[in-house]
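The values are calculated or read from the model by the stated rules, or taken from the named source; none is laboratory data. The shown structure was predicted, so the numbers you read here are calculated from the model rather than taken from an experiment. Here the Cβ is made from the backbone with ideal geometry for all residues, glycine too, and neighbour counts use every protein chain on show. Areas reflect the complete protein model, heavy atoms only, side chains present, ligands, DNA and RNA absent. Shrake-Rupley method; radii C 1.70, N 1.55, O 1.52, S 1.80 Å.
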Amino acid sequence: MILDSGCGEGYYTSGLFHALTQAGLTPATAGVDLSKFALRRAAKRLPQGEFAVASVYHLPLSPSSVDLLVNIFSPLAAEEFARVVRPGGWFCYAVPSPRHLWEMKQILYPQPYENPVKQEEYPGFTWQSAQKVQGTIHLSCREDILALFGITPYAWKTPKAGRDQLAKLEELDTAIGFGLHWYQRVTDQ
Ligand SMILES: C[S@@+](CC[C@H](N)C(=O)[O-])C[C@H]1O[C@@H](n2cnc3c(N)ncnc32)[C@H](O)[C@@H]1O
């Protein structure tokens, strides 16, 4: 089974399911999130999926029942992930790269900082590899700029001056970048 932990509206849950289906597989796919509203959208996007309102810290799953757990910009519950991922199974952790949304941050802050990136070890897992995903996006109107800003952590902590600067923009090109870190569940002795 594939579990999207903190799946939100199921964008990646659905992407994974369809990519694997196209590759000839028939993955049982599930998602959990605290937001009932987001899950309603996820269930519409992927009617084949199983979605449940739950905390990532208390997953409603039996031990060793998950083959692949993905965590994309959602809270990390490493101990709980180790409980549900089967020995030999996988945990994929997406983290922002140092200059993710750099040009947006240059507008928001006089001295933007790079995201700290360290390769963490989690008990019960062995880090295996990381893949970089990088690009630039073009936002062509204020609504899109503010919508993107609104789903970032900066929406909670940017001083008014920075928000005002951003709200003046009619378009924005900004870098995006992620690291996909692959961890394998160790086989219990
Ligand atoms: C930034 S969104 C990412 C959503 C999705 N993974 C994506 O990339 O589209 C973070 C999600 O984590 C969920 N979330 C936050 N805390 C949570 C928790 N303790 N348990 C379950 N979900 C949580 C939020 O409701 C939100 O949908």
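Key figures
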item: Semi-axis lengths, Å, the stretch 123-177, gyration tensor of Cα atoms, sqrt of 5 times eigenvalues; result: 30, 16, 8
item: Crossing angle, helix 36-45 versus the chain [Cα axis fit, 0-90 degrees, rounded to tens]; result: 70 degrees
item: Within straight-line cross-link reach of K36, lysines at Cα separation under 23 Å, skipping those fewer than 8 residues along the same chain; result: K44
item: Cβ-defined net charge surrounding G177, 9 Å radius [Lys, Arg +1; Asp, Glu -1]; result: +2
item: Solvent-accessible heavy-atom area per residue, rounded to whole Å², over the stretch 23-80 at 1.4 Å; result: 58 Å²
item: Overall dimensions of the stretch 1-107 as given by Cα atoms, namely Rg and Dmax in Å; result: 14.4, 46
item: Straight-distance crosslink candidates among lysines, where the alpha carbon sits under 16 Å from K132 and sequence neighbours closer than 8 are dropped; result: K118
item: The stretch 60-126: chymotrypsin sites (Phe, Trp or Tyr not before Pro) in DSSP loop, at most 15 other beta carbons within 10 Å; result: F73, Y113
item: Sorted largest first, extent of the chain alpha carbons per principal axis (Å); result: 55, 36, 31
item: Spin-label model distance (nm) - L169 vs R99, 7 Å beyond Cα toward Cβ; result: 1.5 nm
item: For q = 0.15, 0.18, 0.31 Å⁻¹, Debye-computed log10 I/I(0) when each Cα of the stretch 93-144 counts as one equal scatterer; result: -0.60, -0.77, -1.31
item: Within the chain, percent of DSSP bridges classed antiparallel, to nearest 5; result: 55 percent
item: HN-Hα J in Hz across the stretch 25-35 - Karplus 6.51, -1.76, 1.60, θ = phi - 60°, x for Gly and Pro; result: 9, 10, x, 6, 10, 9, x, 10, 6, 7, 8
item: Range in the chain, longest, excluding exposed trypsin sites (Lys or Arg not before Pro) [loop by DSSP; at most 10 other beta-carbon atoms within 10 Å]; result: 1-117
item: Solvent-accessible area, 1.4 Å probe, carbon plus sulfur percent, for the chain; result: 57 percent
item: Difference of contour (0.36 nm per residue) and Cα-Cα distance, Y11 to E143; result: 45.5 nm
item: Cβ-based net charge around S97, under 12 Å, with every Lys or Arg adding one and every Asp or Glu removing one; result: +1
